[in-house]
Structure formats: C-alpha cells, structure tokens
Amino acid sequence: MEWVEGFYSTTGKWWADAESDVSDRDRDRAASLSRWLGPERGRVLELGSGYGNTAAAIAQAGHEVIGVEISDRIDAASRHAAPDSPRFVQADFYGVELPGRFDAVCYFNGFGIGTDADQRRLLRRIASEWLTGNGVALIDVFNPFVWASWDGDEELLRARPEAGYRHELRQLNRFDPVNGRAVDTWWRTDEPQRGFTQDLRCYTPADLRLLLEGTGLRLSAVVVGDEELDLAKPHVSHQPLLTDRHEYLAVLRPDGS
C-alpha cells in the first residue's frame, strides 16, 4: 500500500481549491447517516476524511465527529474550523488509537485499499474497537461491473481555473478481472511521465458478504443511488449495478444487533 499517501496527497493538491468546501454530496452523506443512525445525535468516526468537508457536514447536522486521514489533504480541514467543527487526526487506519466508541463509522469513497486481508483487518477494528453494539457502519464499496466496463477508457479533463481546477489532467481506467481490482491512473498533461495510480479492490454485494464472515459485522442493507435493495430477492439485470453506479453504499451492523 506504498502508493496511498503519495497518490492522495498529490491529487489532493490538484483538487483542493475545487473540492474542499462542503458540497451537496457532503450534505447528502450527512443525511444518509441520519437515516441509518436515527434522529439522535451521535458520536461519529469518518475514515478517509480527506479535506474534512463531509466530516464538517456531519458535524453541522449535530453529531460529534472525529476524522482520520493519512494524506496531506487533511491540511485543508482547517477551513472548516467552527464551534461545531470535527476533530481531525492524521494517521494510518491500522495504527491510529482513538478514545471511546462510536455510534457510527463512515468510510466514503475509499474502501478497497490493499488486500482482502487488509479489508478484514480494518473491518475487525471497526467491529471490535470502534463501533458500539447497536451502531452502524456506512461504507462505499466499488462496484466491479461498472469498473470492468470502463477498462481502457481514457479521459481528458480540461483545466477550469474559475472552478478551482487549475491543471489539465488525463485519467486512464483499467480493470483486473482475475483479482477484481480497479486501477485508476492520473497525470498532468504537462508532466506525462509522472503518473499517480490508485489500485482498489472491488466487491459485489455477494463478495462483500463473504468478506464480512468472521469480522463481527454483517451486511444489513445495500443502497444503489437512492434505491435500497431487497437483499432477499433476485436482481437479474439490475441496470444501476450493471452499468450506472461505480460504487454502492453498504450498511453494516454488528453481529447479533
């Protein structure tokens, strides 16, 4: 996982001006948390908190929030300073020590770094160290069907300084169908020799259920876009999962809850 800090720190500098303010996406995530957590204010841990904007939206919704981020993206979190602002910790998920337990643990748009064993190690920490017995974990999971359909796609993203995007970039998507991994490379067009790649494990909901075995967590719900799936029914030719949504939200609960 040597690439992690370099990739997110470098791309974070490219996008910070455009993407570090609280947006509708962040407010939607906070609303989703309230849906699964309930009306009570809770103590929330956000893993991979990036610029801190989603954590800020969750705090604005009335929750106490701690955000953990390994990369320099955390430097932008200071712009969210306010009386109800989150607390941020720059650390590795596997080494960080956090006080107390949380009513909710969130990991948006980042799960899948490392091996299956790494994911299980993280899931066990969520279950055994961080989550309360009746808490909820919300995790965005990358969808292999859509990432596979993007294999070989290359995109040019023009600079838009007025919107905070100061560099012209290219993105190349590749997919490893044997190991179920999305390999996503970015580079500035004025520095084509310096590519930065993220390599992320993708899981179908069925794969995720297998991954969760023995971690202390169970799959309680799957949300694709705005649709909660009935996990007891077949979903033959479910177009959002097959073609539209590159990630879905997995709602996890402790075993026995």
Exercise for the section: At 1.4 Å probe size, with no ligands or nucleic acids counted, give the accessible surface of residue 220 in Å², nearest ten. Expected result: 40
Handout entry: MRE, 222 nm, helices only [DSSP H, n ≥ 4, -39500 (n - 2.57), over the chain, to nearest 500]
Key = -7500 deg cm²/dmol
Exercise for the section: Could you tell me which GluC sites (Glu not before Pro) in segment 140-247 are loop residues by DSSP with no more than 12 other beta carbons within 10 angstrom of their beta carbon? Expected result: 213
Problem - Heavy-atom accessible area ranking, 1.4 Å probe, most first, across 166, 245, 41 - result: 41, 166, 245
Completion exercise
Here the gain from full extension of residue 190 to residue 257, 0.36 nm per residue of separation minus their alpha-carbon distance, amounts to 18.8 nm
Exercise for the section: Give, as a single signed number, the net charge of other residues whose beta carbon lies under 14 Å from the beta carbon of residue 190, with Lys and Arg counted +1 and Asp and Glu -1. Expected result: +3
Practice task
May I have the convex hull volume per residue, in Å³, for the Cα set of segment 17-157?
Solution key: 134
Handout entry: Average accessible surface area per residue within the chain, 1.4 Å rolling probe, Å²
Key = 47
Handout entry: Net +/- balance of residues flanking residue 32 in space, Cβ distance below 12 Å, scoring K and R +1, D and E -1
Key = -1
Exercise for the section: Work out the P(r) tail for the chain: percent of alpha carbon pairs separated by more than 27 Å, whole number. Expected result: 37
Problem - Residue-count net charge about residue 212 - beta-carbon cut-off 15 Å; Lys, Arg +1, Asp, Glu -1 - result: +3
Handout entry: Size of charge dipole - segment 53-134 - debye, nearest 20, with Cβ of Lys, Arg +1 and Asp, Glu -1, no other charges
Key = 140
Problem - Dipole axis of segment 111-257 (+1 Lys, Arg; -1 Asp, Glu on Cβ), positive-most option in 172, 128, 145 - result: 128
Practice task
Please sort by residue number the GluC sites (Glu not before Pro) in segment 29-100 whose DSSP state is loop and whose Cβ has at most 14 other Cβ atoms within 10 Å.
Solution key: 40, 97
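The values are calculated or read from the model by the stated rules, or taken from the named source; none is laboratory data. Here the structure is a predicted model, which is why all the values come from computation and not from measurement. Here the Cβ is made from the backbone with ideal geometry for all residues, glycine too, and neighbour counts use every protein chain on show. Note: accessible area is taken over every heavy atom of the protein model, side chains too, but ligands, DNA and RNA are not part of it. Shrake-Rupley method; radii C 1.70, N 1.55, O 1.52, S 1.80 Å.
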